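None of the figures in this text is laboratory data; all of them are computed from the coordinates on show. Quick caveat: nothing in here was measured; it's all calculated off a predicted structure. Because the Cβ atoms are built from the backbone with ideal geometry, glycine has one as well, and the counts that use them run over all protein chains shown.
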Amino acid sequence: MVKRIKRIVKKIDGLKNQEKSHQYKIETEKGYKDTTNTYWEKEILQFQKQRKILEEKLKKLKKDK
């Protein structure tokens with residue numbers, strides 16, 4: 001159970017880092033044909049959805065413990 005919790009926490013941290021890096025790209029980089037600002041914004045939304053799901057799983061696991 002502990003390994004699963006650690007793995008989920010690590011995934012959440014990774015998603016947060018990805019969100020930050022994409023936000024940085026939106027602010028600084030121009031973008032090209034396939035990597036435009038709207039693409040990065042959509043990616044951020046997907047990361048946020050995944051993070052929300054993982055946070056709910058983490059709450060359930062901690063509650064069961």
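Can you give me the angle between helix 37-64 and the longest principal axis of the chain, using Cα atoms only, in degrees from 0 to 90, rounded to the nearest 10?
10
Karplus couplings for the range 4-15 from phi (6.51 cos²θ - 1.76 cosθ + 1.60, θ = phi - 60°), rounded to Hz, Gly and Pro as x?
Running phi through 6.51 cos²θ - 1.76 cosθ + 1.60 with θ = phi - 60° gives 5, 5, 4, 5, 5, 4, 5, 5, 4, 4, x, 5 Hz.
Taking the beta-carbon count within 10 Å as an exposure proxy, list V2, V9 from fewest neighbours to most.
By the 10 Å Cβ count, ascending, the order reads V2, V9.
How would you rank T38, T28, going from fewest to most other Cβ atoms within 10 Å of each one's own Cβ?
T28, T38
Based on alpha-carbon positions alone, could you give the equivalent ellipsoid semi-axes of the chain from the gyration tensor, as √(5λ), descending, whole Å?
Working through the eigenvalues yields semi-axes of 31, 10, 7 Å.
Is there a pair in K20/K60; K16/K42; K42/K62; K10/K33 whose C-alpha atoms are over 24 Å apart, and which pairs would that be?
K20/K60; K42/K62; K10/K33
Please arrange R51, R4 by how many other C-beta atoms lie within 10 Å of their C-beta, fewest to most.
Ordered from fewest to most neighbouring Cβ atoms within 10 Å, R51, R4 come out as R4, R51.
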